[in-house]
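Notes for the one structure printed next.
The values are calculated or read from the model by the stated rules, or taken from the named source; none is laboratory data. All values derive from a computational prediction rather than experimental measurement. Neighbour counts are summed over all protein chains in view; Cβ atoms, including those assigned to glycine, are modelled from backbone coordinates with ideal geometry.
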Amino acid sequence: MALAHNLGFPRIGRDRELDKAQEAFCKGELDEAGLRAVGRELRAAHWQVQKDAGIELLPVGDFAWYDQVLTHSLTFGVIPERFRGHADANPTLLTLCDMARGATQEMTRWFDTDYHYRAPEFTADQQFELSWEQLFEEVDEALALGHAVKPVVLGPLTYLWLGKTKGDDFDKLELVERLLPLYGQIFQRLATQGVEWVQIDEPILALDLPQDWKNAYERVYNLIQREPLKKLVTTYFGGLESNLGLAANLPVDGLHIDLVCAPEQYPTLLDRLPAYKVLSLGLVNGRNVWRCDLEKALDVLHHAAERLGDRLWVAPSCSLLPSPADLNREDALAAEANSWLAFAAQKCQEVAVLTKALNQPDASDVQAALEQSRAAAARVLLRSA
């Protein structure tokens, strides 16, 4: 049976609740308890939307108050001295707010998207420590609500790649040996919480990497694989190209590829994937607002299912962060426009329909969804003629 999962969901809220709450917090109009309550409500609502859509394995840890890289910096204790306040105090949401709004910490574009992140600042004597409990708290929240979860973490090499060096000249890749023990601690704690799978985002595998970074991948993931949990390495925003063999053979339990940005990588990757490994195919576009051509995607999935069987997972191409939350909130849109669009909630439904079309092809809701997809595609062709 194929499995439907998601890589990440928009965190802002249907009515920009998160932005409003964060702005109120930074102005002193909302206390930390109030901001945390808004976060819990949004996470619970978003998990339920995904579950109702048919997603079987929900992402946890994709939520961030400001950006996901900044969240990881707090998790790893990568906090510049000017933001630390009391040296022996644990960071708080006020620390996060100061770092997010501080003009002295570089804001950098998140790959080729319109999103930005606060770049981590590394020093030659950089030390790492688990200093932020958000991921573990969110896993407890989701499990208490009865969800099957897949925690999301930014991979160690991508995290280091995204950072900036400060002070003495040094190679930030040298820090990986100090950083890796924290991933072990994270995976061990998640295992005690009852987690089975963890999603490790390594989008830099779609870049043209220097040879020393390529060499680091095999070494790093041989160490990571010794830790508990099944591990899904996720790549997106491009094809693996010269890194395809490297990614296919990483000693992990699964690999996600973006077949929207790079459909041409599918045949080669399928041939080179080890026989034990799960392959997650990102066929629903996570970066635009248009409906998926379900029949076109199904052609690929039927072929993959013949080769992979139960090792086939279905997902969006990347996190749904760039997508608006729910088309059903857009009352002002004309009915015809609605028929062409799919926001995050609808994209989750598309992933679920594609998966069900493999597992239960004769189901009435599958056939209805395919017919709607055909009709929408026909209207687009007619309009462009």
Counting only residues in segment 144-193 that are within 21 Å of C318 (Cβ to Cβ) and among the hydroxyl-bearing types (S, T, Y), the one surrounded by the fewest Cβ atoms within 10 Å (Cβ to Cβ) is identified as T158
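Condition check ((1) surrounded by fewer than 21 Cβ atoms within 10 Å (Cβ to Cβ); (2) polar (S, T, N, Q); (3) within 21 Å of V176 (Cβ to Cβ)) across all residues:
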{"residue": "N215", "(1), (2), (3)": "yes, yes, yes"}
{"residue": "E218", "(1), (2), (3)": "yes, no, yes"}
{"residue": "E227", "(1), (2), (3)": "yes, no, yes"}
{"residue": "N249", "(1), (2), (3)": "yes, yes, yes"}
{"residue": "H256", "(1), (2), (3)": "no, no, no"}
{"residue": "L283", "(1), (2), (3)": "no, no, no"}
Across segment 45-81, which residue is nearest to Q360 (Cα to Cα) among those that are at pLDDT 90 or above and of a type in the set (D, E, K, R)? E56
Does any residue in segment 339-360 that is of a type in the set (V, I, T) come within less than 9 Å, Cβ to Cβ, of a residue that is part of a helix (DSSP H, G or I) six or more places away or on a different chain, and which pairs are these? V351/A53; V353/L294; V353/D365; V353/V366; V353/A369; V353/L370; V353/S373; T355/L301
Mind counting the residues in segment 82-120 that are hydrophobic (A, V, I, L, M, F, W, C), closer than 28 Å to L320 by Cβ and either at pLDDT below 85 or out of contact with any strand residue (DSSP E or B) (no Cβ under 8 Å at 6 or more places or on another chain) (or both)? 4
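State all residues of segment 1-52 that are assigned to a loop (DSSP other than H, G, I, E, B), of a type outside the set (K, R) and over 25 Å from A297 (Cα atoms); if no residue qualifies, say none. Show your work before the answer.
Of segment 1-52, the ones assigned to a loop (DSSP other than H, G, I, E, B) are 1-2, 6-16, 27-31.
Now drop any that are not of a type outside the set (K, R), which leaves 1-2, 6-10, 12-13, 15, 28-31.
Passing the criteria: I12, G13, D15, G28, E29, L30, D31.
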Being modelled with pLDDT of 95 or more and charged (D, E, K, R) is the filter; apply it to segment 165-200 and report the residue that is nearest to the chain's Cα centre (by Cα). E196
Could you list all residues from segment 334-362 that are surrounded by 13 or more Cβ atoms within 10 Å (Cβ to Cβ) and at pLDDT below 70? N338
Taking segment 229-247, which residues are crowded, with 18+ Cβ neighbours inside 10 Å, touching a helix residue (DSSP H, G or I) at 6+ places or on another chain (Cβ under 8 Å), of a type in the set (A, V, I, L, M) and on the phi < 0 side of the Ramachandran plot? V233, L240, L244, A247
Looking at L182, L175, L190, can you tell me which residue is within 12 Å of I224 (Cα to Cα), among the hydrophobic types (A, V, I, L, M, F, W, C) and not in a strand (DSSP E or B)? L182
Answer yes or no: is there a residue in segment 245-252 that is modelled with pLDDT of 95 or more and more than 29 Å from A297 (Cβ to Cβ). yes
Residues of segment 128-172 being in a helix (DSSP H, G or I), without any contact (Cβ under 8 Å) to a residue 60 or more places away in the chain and closer than 23 Å to P10 by Cβ, in sequence order, are F136, E137, D140, L143, A144, T158
Scan of segment 101-120 for residues that are in contact (Cβ under 8 Å) with a residue 40 or more places away in the chain, on the phi < 0 side of the Ramachandran plot and surrounded by fewer than 19 Cβ atoms within 10 Å (Cβ to Cβ), ordered by number: R101, E106, T108, W110, D112, T113, D114, Y115, H116, A119
